[in-house]
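The values are calculated or read from the model by the stated rules, or taken from the named source; none is laboratory data. Note that the structure is a prediction, hence the values are computed from the model and not measured. Neighbour counts run over all protein chains shown; Cβ positions are idealised from the backbone, glycine included. Surface areas here come from the heavy atoms of the whole protein model, side chains and all, with no ligands, DNA or RNA. Shrake-Rupley method; radii C 1.70, N 1.55, O 1.52, S 1.80 Å.
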Amino acid sequence: MKVLVVGGGGREHALIWKIAQSPKVTKIYAAPGNAGIAQLAECTPLKSDDIPGLLAFAKSKAIDLTLVGPEGPLSLGIVDEFTKAGLRVFGPSGKAAEIEASKQFSKDLMKKYHIPTAEYGVFTERAAAEAYVREKGAPIVVKADGLAAGKGVVVAETVEEAVKALDLIMGKKAFGAAGDRVVIEECLRGEEASFMAFSDGKTVVPMASSQDHKRVFDADKGPNTGGMGAYSPAPIVTKKLERKVMETIMVPTVRAMEKEGRLFKGVLYAGLMINDNEARVLEFNARFGDPETQPIMARLETDLIDIIEAILAGSLSKIDIKWKPDSAVCVVMASGGYPGNYEKGKVICGLENAAGVGSVSVFHAGTAFKDGKIVTDGGRVLGVTGLGPVVAAAIDNAYKGVREISFEGAHFRRDIGARALETGN
Ligand code: AMP
Ligand code: GLY
């Protein structure tokens, strides 16, 4: 089977690493891929949102199955276009991906179907938005409505901060058209977890639990990023809580999407806020999380291609998905300055040594080849992923890998997985 993977981040490297182990797969292409992916797949420089280009490529290479990593092409309807052309593709339709692409759509859906989430208001007028903020008081959360790469959210501790966020999003259009509409939410307190599930539109099967680390600095300080690390399992998601999340959130959401004529086939990701064993939804994503996918793939035993084929055939209920009992921890190494401005093109040293560390996989995100060397090419550069029988061992292995790698300006958090240690393993 020839497989095309759309995307070029750490998530896609982990997915490709996993499917490369499938006996069914003979050849992997990636668009655009990165320097790490290039060791397992043939990369084509097509951008992940160039849907006509990707379609022509898939046809010319007689691709049997396409996997879509990022939200951009999903919300642009890549799945609809490939399906129309008779190509097999894994992911939700454009209409179903709106659960991520429009916060208003997902909040209205949750309200209509009584799925637990924060109270909210939606505004297109700045004055009305500000009046709502003043009426509700702080803390309060201001979100740009559209896709903003995880950065269009401001958790404001004061009313002034919230008003400033409205200026930034609605006035200065810091996130472009995503700021034409804002969602303003009640601020939820608790601990966050990522809850991902496979869905064939009817059957919903949870993946192993995970948690990511959104803030740039240790102890959850500094601005939000795309994610500085992740681990699986997340001890806060007990078996009991998992059942509750499935019953009150995941299954009702998939049913709701079906009722709304937006059958959800793919990976449904709920960002949860957990407090006192109760979970509420912060956001939905219509795809695998990044970096959560790195530790999750490290733990997945079952052939991912078998799972995807079952989803496409609508027979997910017939497959038994197995996970390694081990823990996995992914430490993201980022460019100096990220999530703000950073330079690219720094030579990365020590990758081979890191690959030689036992139980470690180095997943590439923003990397490229230059003059025969692997160099930095993005904010998040690498996701060094360690596996171990307990979380402490997985943390140890991941940081052993990190210590082998260097590039100018590299920074990473030193406390990835620490919360899992506190909660017990
Ligand atoms: P989102 O993209 O909606 O998941 O928001 C990004 C991050 O902002 C989340 O991971 C939380 O850390 C924070 N956040 C979002 N919504 C809320 C909320 N209602 N209460 C508290 N924190 C929130
Ligand atoms: N790790 C957060 C996300 O993938 O959106």
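Subtracting the Cα-Cα distance of Glu352 and Glu258 from 0.36 nm times their residue separation leaves 29.1 nm of extension gain.
One decimal place: the segment Ala85-Asp220 gains 44.0 nm when fully extended, by the rule 0.36 nm per residue minus the C-alpha distance. Sorted into 10 angstrom bins from 0, the C-alpha pair distances of segment 246-301 split as 20, 45, 32, 3 percent.
Pair-distance distribution of the chain: all C-alpha pairs, bin width 20 Å, starting at 0; shares per bin in whole percent are 27, 61, 12.
For segment 84-128, the spherically averaged projection of the C-alpha convex hull amounts to 5.1 nm². Taking all Cα pairs closer than 8 Å and separated by 6 or more residues, the relative contact order of segment 261-405 comes to 22 percent.
Suppose only helical runs count, i.e. DSSP H with n ≥ 4. What mean residue ellipticity at 222 nm does that imply for the chain under -39500 (n - 2.57) per run, divided by all residues and rounded to the nearest 500 deg cm²/dmol? Please list the in-between numbers first.
On the way: 15 runs with 127 residues, N = 425.
Result for the chain, helices only: -8000 deg cm²/dmol.
Taking the Cβ of Lys344 as the center, what net charge do the other residues with Cβ under 10 Å away carry, scoring Lys and Arg +1 and Asp and Glu -1? Walk me through the intermediate numbers first.
Working: positive: Lys346, Lys370; negative: Glu343, Asp377.
Once positives and negatives cancel, what remains is 0.
May I ask for the Rg/Rh ratio of segment 28-140, computed from Cα atoms with Rh as the Kirkwood radius, given to two decimals? My calculation of the ratio gives 1.16. Over segment 75-213, Cα pairs under 8 Å with separation of 6+ residues give a relative contact order of 20 percent. For Lys59, a cut-off of 26 angstrom between C-alpha atoms picks up these lysines, skipping any fewer than 8 places away in its own chain: Lys2, Lys18, Lys24, Lys27, Lys47, Lys84, Lys95, Lys265.
Measuring r between the beta carbons of Ala20 and Glu278 and using R0 = 35 Å, the FRET efficiency lands at 0.30.
In segment 150-249, a dipole from Cβ-located charges (positive for Lys and Arg, negative for Asp and Glu) runs towards its positive end, and of Phe217, Ile169, Ala193 it is Ala193 whose Cα lies farthest in that direction.
When only Cα pairs under 8 Å and 6 or more residues apart are kept, what is the percent relative contact order across the chain? Working shown, then result.
Details: 1005 pairs, mean separation 67.6, N = 425.
Computed value for the chain: 16 percent relative contact order.
When only DSSP loop residues count, what GluC sites (Glu not before Pro) in segment 220-301 have their Cβ near at most 16 other Cβ atoms within 10 Å?
Values: sites: Glu242, Glu247, Glu258, Glu260, Glu278, Glu283, Glu292, Glu301; in loops: Glu260, Glu292, Glu301.
Sparse-neighbourhood loop GluC sites (Glu not before Pro): Glu301.
Cross-link partners of Lys164 among aspartates and glutamates, defined as those whose alpha carbon lies under 12 angstrom from its own and excluding same-chain residues fewer than eight positions apart: Glu130.
Modelled label positions at Arg134 and Arg414, each set 7 Å beyond Cα in the direction of Cβ, lie 4.7 nm from each other. With the simple spin-label model, which puts each label point 7 Å out from Cα in the Cβ direction, the Glu247 to Asp306 separation comes to 3.0 nm. For Lys240, which aspartates and glutamates qualify as cross-link partners when the Cα separation must be under 15 Å and same-chain residues fewer than eight apart are set aside? Here the aspartates and glutamates satisfying the reach criterion relative to Lys240 are Asp276, Glu278. First measure r as the distance between the Cβ atoms of Gln39 and Asn341, then evaluate 1/(1 + (r/R0)^6) with R0 = 25 Å and state the FRET efficiency to the nearest 0.05. My answer for the efficiency is 0.30.
Build a GNM of the chain with springs between Cα atoms under 10 Å apart, and of Pro223, Pro92, Pro295 the one that fluctuates most is Pro223.
Test of the criteria: in segment 363-425, which GluC sites (Glu not before Pro) are in a DSSP loop and have at most 13 other Cβ atoms within 10 angstrom of their Cβ?
Details: sites: Glu404, Glu408, Glu422; in loops: Glu408.
Passing both the DSSP loop test and the Cβ count: Glu408.
In segment 320-380, the portion of solvent-accessible area held by carbon and sulfur atoms comes to 46 percent [1.4 Å probe, whole percent, DNA, RNA and ligands not counted]. In loop segments of segment 135-238 as defined by DSSP, the GluC sites (Glu not before Pro) with at most 13 further C-beta atoms inside 10 Å of their C-beta are Glu157.
Just subtract the alpha-carbon distance of Thr423 and Val159 from 0.36 nm times their residue separation and send over the number in nm, one decimal. Numbers along the way, then the final one.
On the way: separation 264, 0.36 × 264 = 95.04 nm, distance 3.37 nm.
Full-extension gain reported as 91.7 nm.
Where the centroid of each part is defined by its Cα atoms, how far is segment 392-425 from segment 173-218 in Å? Value for the Cα centre distance between the two parts: 23 Å.
If you put +1 on each Lys and Arg Cβ and -1 on each Asp and Glu Cβ, how big is the dipole of the chain around its Cα centre, in Debye rounded to 20?
Approximately 600 debye in magnitude.
The convex hull drawn around the Cα atoms of segment 319-425, when projected onto a plane and averaged over every direction, covers 8.2 nm².
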